[in-house]
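Bear in mind that the values in this text are calculations on the coordinates, not laboratory data. Please read all numbers here as calculations on a predicted model, not as lab measurements. FYI the Cβ positions are ideal-geometry reconstructions off the backbone, even for glycines, and counts take in every protein chain you see.
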Amino acid sequence: MRLKSQWAGLIFIVILGCIFITADYANISSTDKNINTSKVNDQNIILPNLYTNRASRYKIKYPANWIYDDKDKGTVVFSGQKDTLDYYATVNIQTVLTKRFGGEYSSMKDLLDDIRKQVLKESPQTTFLGSGAYVLNQKDGSKLNGEYLKFIYSYKGQIIEQWQVVIPRKDGQVFYTWAYTAPIDLYQNNLPVAKAMLQTWIIY
């Protein structure tokens, strides 16, 4: 099932996941926010659905009760069903051409530096929580070496936490940006789901 798009045109990498979060979350009462907000148990995560993007050459699994929107070329956003708190937790993937193939970024460092600039422009008081190497294991036993960045920032009055991962494809044509984004008070609830999804991500 697809989720109706809530944006148009080019979206900055950093704020993509926030479009869903800020649309209605500010209007939810604190009582409603405390309903069904228990952290997902790692042992109970089942990802029966498979999303395949043949043009961008990857596939990833996601929960039965989540939906996605891939209307924008090179971009997909997963979230829980609307009218649930899981709706405000998003996992998004963007495919970004390398400079060699017509894009803007020559390296992961260039891309990550730009992400930092984007978030600081949007939220000068951003707190960067950590960064470093990230290894994405593939089904065939190979490994893709990427990098991650974690930060907390403000967007349209909401405090957002984001985990950003950048992975290069082996052929050097594209970088993939994967991100888990949620309001800070909901971030831990679906973090196990996001981690489980990331571990199923196959790039070919």
Practice prompt. Take the Cα of I46, step 7 Å along the line toward its Cβ, and report every residue of the stretch 172-204 whose backbone nitrogen sits under 20 Å from that point.
Written response: 190-201
Fill in: Inter-label distance for K143 and N65, nm, one decimal - labels placed 7 Å from Cα along Cα-to-Cβ
3.6
Discussion item. Given axes a ≥ b ≥ c from the Cα gyration tensor, I'd like to know whether the stretch 58-204 is rounded (a/c under 1.5), prolate (a/b larger than b/c) or oblate.
Written reply: oblate
Discussion item. Skipping prolines and chain starts, which residues have an amide H placed within reach, meaning under 5 Å, of the one on Y105, given they are 5 or more residues away or on another chain?
Written reply: K99
Discussion item. Give me the one-decimal nm value for the distance between modelled label points at D110 and Q158, 7 Å along each residue's Cα-to-Cβ direction.
Written reply: 3.2
Response to the item:
Once phi for every residue in the stretch 177-185 is put through the Karplus expression 6.51 cos²θ - 1.76 cosθ + 1.60 (θ = phi - 60°), the whole-Hz ³J(HN,Hα) values, with Gly and Pro written as x, are 10, 10, 9, 10, 9, 7, x, 4, 6
Worksheet item: So what J values fall out for the stretch 103-113 if you push phi through Karplus, 6.51 cos²θ - 1.76 cosθ + 1.60 with θ = phi - 60°, rounded to Hz, Gly and Pro as x?
Response: x, 9, 10, 8, 8, 4, 4, 4, 5, 5, 4
